[in-house]
1. Do any residues in the stretch 120-142 that are modelled with pLDDT of 95 or more have Cβ atoms under 8 Å from those of residues that are polar (S, T, N, Q) and assigned to a loop (DSSP other than H, G, I, E, B), where the two are at least six apart or on different chains, and which pairs are they?
2. Going residue by residue through the stretch 174-181, is there one that turns out to be in a helix (DSSP H, G or I) and small (Gly, Ala, Ser)?
3. Counting only residues that are out of contact with any helix residue (DSSP H, G or I) (no Cβ under 9 Å at 6 or more places or on another chain) and in contact (Cβ under 8 Å) with a residue 60 or more places away in the chain, which one in the stretch 182-216 is surrounded by the most Cβ atoms within 10 Å (Cβ to Cβ)?
4. Would you pick out the residues in the stretch 51-107 that are on the phi > 0 side of the Ramachandran plot and in contact (Cβ under 8 Å) with a residue 60 or more places away in the chain?
5. Report the residue count in the stretch 217-243 for those that are among the β-branched types (Val, Ile, Thr), closer than 27 Å to Glu170 by Cβ and surrounded by 12 or more Cβ atoms within 10 Å (Cβ to Cβ).
6. Of the conditions (1) in contact with a Ser or Thr (Cβ under 7 Å, 6 or more places away or on another chain); (2) at positive phi; (3) assigned to a loop (DSSP other than H, G, I, E, B), Gly130 satisfies every one except a single condition; which number is it?
7. In the stretch 1-19, which residues are assigned to a loop (DSSP other than H, G, I, E, B) and at pLDDT 90 or above?
Amino acid sequence: MKLEKYSFGIGDRFGQQGLAQLEALIKAKEEGIEIVPVWNKSNREHQIIHSSPEDTFLEANNAVLALQWEDSYYVDADHINLKTVDPFLDHANFFTLDVADYIGSEITEQELQDFLKEASAYEGELLIPGIAQPFTISGELLVKIARSYLGAVREASAIYKYIADCKGAEGFIAEVSMDEVEAAQTPVELFFILMMIKQYDIPAQTIAPKFTGRFNKGVDYVGDESLFRKEFEEDLLVIDFAV
């Protein structure tokens with residue numbers, strides 16, 4: 001299963017907006033912009049309003065049938081982990097592997113050395129096309145990044161393998177999420193996180209890093225818009241370079 005170039009996460013918290021959300025994407029398509037919907041809802045959100053993953057699955061299917069949508073669509077088990085994933089397995093084809101809680105978790109010396117074996121090739125100046133200033137990569141920085149994020153990616157691998165064993169590797173889209181934390185990841189950190197994801201054989205098709213500022217539901221972005229724009233654009237350039 002391969003995610004299209006443009007997708008839009010449409011979190012319908014109360015299960016009442018599926019038709020309206022899909023109608024908006026139909027209007028976009030009429031204007032020549034093809035976007036596939038991803039209905040996303042987390043375990044926490046289900047608990048708050050006493051809904052279930054099946055409810056989101058049915059709402060998405062009902063909207064698709066009612067509006068005769070013929071393109072792809074996805075139902076996202078949003079922000080799941082090994083403790084919460086089971087109820088979503090039969091009702092989702094997109095899984096957001098939330099490993100924010102595992103940032104900074106312990107790693108073994110062997111895991112560290114396995115990472116450094118590949119990452120050390122980038123010591124010195126790392127120039128990302130499109131980013132004006134090169135990044136200085138030291139051995140000390142690589143160790144710091146590994147101790148911060150390698151344990152989280154290891155956990156993402158465990159979640160991915162569990163889902164793949166249940167659904168088959170071709171039966172879903174995988175996203176790795178580290179966005180529900182206080183500190184934003186830098187472009188350099190993102191570059192090496194992507195390397196870790198590759199080392200752990202996670203076929204992630206999308207990633208959710210943390211940006212500066214706050215993205216509260218239903219209100220405008222809170223933070224420095226120019227800094228967010230810079231971070232966002234640099235992250236895109238890093239992803240383009242890495243993949």
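The values are calculated or read from the model by the stated rules, or taken from the named source; none is laboratory data. Quick caveat, the model's predicted, so the values are computed rather than measured. Heads up, the Cβs are rebuilt from the backbone with ideal geometry, glycines too, and the neighbour counts pull from every protein chain shown.
1. So the pair list comes out as Glu123/Ser138.
2. No - not one qualifying residue is present in the stretch 174-181.
3. Ala208
4. His79 - this is the single residue of the stretch 51-107 that is on the phi > 0 side of the Ramachandran plot and in contact (Cβ under 8 Å) with a residue 60 or more places away in the chain.
5. The number of residues fulfilling the criteria is 1.
6. All conditions are met except number (1).
7. Our first condition is that a residue be assigned to a loop (DSSP other than H, G, I, E, B); within the stretch 1-19, this holds for 1-6, 10-17.
Selection gives Met1, Lys2, Leu3, Glu4, Lys5, Tyr6, Ile10, Gln17.
Yes or no, residue by residue, for (1) aromatic (Phe, Trp, Tyr); (2) farther than 28 Å from Leu82 by Cβ:
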residue	(1), (2)
Phe135	yes, yes
Ala146	no, no
Lys167	no, no
Ser177	no, no
Phe191	yes, no
Leu194	no, no
Ile202	no, no
Tyr221	yes, yes
Asp240	no, yes
